[in-house]
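Beneath this line is the structure, given in structure tokens, with notes to follow.
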Amino acid sequence: MPTALVTGGAGFLGSHLCETLLSRGNRVICVDNLETGSLANIAHLRDPDFVHINVDITSPFFVDEPVDSVYHLASPASPIDYLRLPLHTLKVGSYGTHNAIGLAKHKRARFLIASTSEVYGDPKEHPQTESYWGHVNPIGPRGVYDEAKRYAEALTMAYHRQQGVDTAIVRIFNTYGPRMRPHDGRAIPTFLRQAILEQPITIFGDGSQTRSFCFVEDLIDGIIRLSESGEHNPVNIGNPDEFTLLEAAQIVQRITGTKAELIFEPLPTDDPQVRRPDITRARELLGWEPKVALEDGLRRTIEESGDGRLTGLL
Ligand code: NAD
């Protein structure tokens, strides 16, 4: 039985990844200090082949058993978290990535780092291909996250080129689904929470900025395909269907049947104006493309988030 180690395995994406890897017959070691994740996300994984280790990966850590693949997801990921934890975010991207990739090197494991579309910053190329180098403000408030991920990508390629570690880089675009935290500040859980509570739905700016939203099940499929491929260069994984935030909020209004009105608030600093992945590489290299349309994914998020009364989203 192959063993996969997932850093950040008690988070939103990590818990779905652990679940899918287990269902595919892997032993899974989840490494997570619960900084932004929770035991509730992994409580259902009661399986002798699943273990959770509570360590902070910014310090060296060791696992006393063979490991075949490392999925390195640990990092604050929502703006609310990385603005609250700026130094921790930089340390996770630097020391944390050194430690995770060092473990993969020692175990001779395949290493995959969860990078982000934020490496493209406020892009001047649209849609974003992997060959675009980005347009990032290193000293703005979001720089702690964007530059930590850019450093982590550079580190990953250096370990690959100099030390021969078998590495992969996934550039994840906005992903949503069950187990997102309702107060994590990202658009979809915020809109859903506000719609369900019939509170005003807050849109930053005039809502004309665009995002592309990928359902978590599609994303996890893409990540596992990439890890199981031999690819070393970055691959975008995300849904190329592009919506303005105003359109996304109106879809949420429609499918929830809420009476909540839309209100407009000032744009955050360095908020990207457009965001859409070019997924040609993922299609060609991995035979991957997303299957779940936004409306269907939102309905599933609501259905799978609680007991029918949507408590998981509130
Ligand atoms: P999340 O906050 O739900 O999960 C991150 C997990 O990492 C949490 O469980 C947290 O406790 C853990 N963690 C943080 N610091 C740690 C440390 N020092 N030691 C051990 N564990 C630590 O976020 P997520 O949305 O699941 O994101 C997971 C990864 O995917 C992140 O690397 C993020 O940058 C990347 N990503 C996510 C998205 C998205 O749309 N969700 C988009 C782009 C990239």
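Scanning the stretch 213-230 for residues that are buried (at least 19 other Cβ atoms within 10 Å of the Cβ) and not in a strand (DSSP E or B) yields F213, V216, D218, L219, I220, G222, I223, I224, L226, S227. Checked against the criterion of being within 26 Å of D166 (Cα to Cα) and either within 13 Å of the ligand (Cβ to nearest atom) or of a type in the set (V, I, T) (or both), the candidates L34, L17, L39 yield just one match: L17. Of the strands (runs of 3 or more DSSP E) that lie entirely inside the stretch 113-212, those containing 2 or more residues that are within 29 Å of V6 (Cβ to Cβ) and more than 13 Å from the ligand (Cβ to nearest atom) span 167-172. Which of the residues spanning the stretch 100-159 are in contact with a Leu (Cβ under 7 Å, 6 or more places away or on another chain) and over 23 Å from P66 (Cα atoms)? The answer is P141, V144, A148. Against the test of being near the ligand (Cβ under 6 Å from one of its atoms), among the acidic types (D, E) and over 20 Å from V216 (Cα atoms), the options D56, D68, D64 yield a single qualifying residue, D56.
Quick grid of which residues meet (1) closer than 27 Å to D241 by Cα; (2) without any contact (Cβ under 8 Å) to a residue 40 or more places away in the chain; (3) aliphatic (A, V, I, L, M):
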| position | (1), (2), (3) |
| --- | --- |
| G102 | no, no, no |
| A109 | no, no, yes |
| S115 | yes, no, no |
| D122 | yes, no, no |
| E130 | yes, no, no |
| G140 | no, no, no |
| E153 | yes, no, no |
| Y159 | no, no, no |
| G164 | no, yes, no |
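Whenever a residue of the stretch 9-25 is assigned by TED's automatic domain parsing to the domain that holds L226 and free of Cβ contacts under 8 Å to residues at least 60 places away in the same chain, its partners that are more than 8 Å from the ligand (Cβ to nearest atom) and part of a helix (DSSP H, G or I), lying with C-beta atoms within less than 8 angstrom and at least six residues away or across chains, give the pairs A10/L39.
With respect to the conditions (1) in a loop (DSSP other than H, G, I, E, B); (2) on the phi < 0 side of the Ramachandran plot, I80 lacks only one, and its number is (1).
Candidates L73, L85: the one that is under 30 Å from P272 (Cβ atoms) and crowded, with 19+ Cβ neighbours inside 10 Å is L73. Within the stretch 67-91, no residue that is farther than 21 Å from A187 by Cα and aromatic (F, W, Y) sits with its Cβ atom under 8 Å from a residue that is more than 8 Å from the ligand (Cβ to nearest atom) and part of a loop (DSSP other than H, G, I, E, B) at 6+ positions apart or across chains.
The residue pairs whose first member lies in the stretch 33-54 and is touching a residue at least 12 places away in the same chain (Cβ under 8 Å) and small (G, A, S), whose second member is surrounded by 18 or more Cβ atoms within 10 Å (Cβ to Cβ) and in a loop (DSSP other than H, G, I, E, B), and whose beta carbons are closer than 8 Å, counting only pairs six or more residues apart or on different chains, are G37/G8; G37/G9; G37/A10; G37/G11; S38/A10.
Contact list please: Cβ distance under 9 Å, first residue in the stretch 193-210 and within 14 Å of I251 (Cβ to Cβ), second residue part of a strand (DSSP E or B) and β-branched (V, I, T), pairs at least six apart or on different chains. From residues that are within 14 Å of I251 (Cβ to Cβ), the pairs are Q194/I201; Q194/T202; A195/I201; I201/I263; I203/I263; G207/T244; T210/T244.
Taking the stretch 1-32 as the range and being part of a loop (DSSP other than H, G, I, E, B) and buried (at least 18 other Cβ atoms within 10 Å of the Cβ) as the test, the residues that pass are G8, G9, A10, G11, N26, D32.
The values are calculated or read from the model by the stated rules, or taken from the named source; none is laboratory data. These numbers were taken from a predicted model, which means no experiment stands behind them. Neighbour counts run over all protein chains shown; Cβ positions are idealised from the backbone, glycine included.
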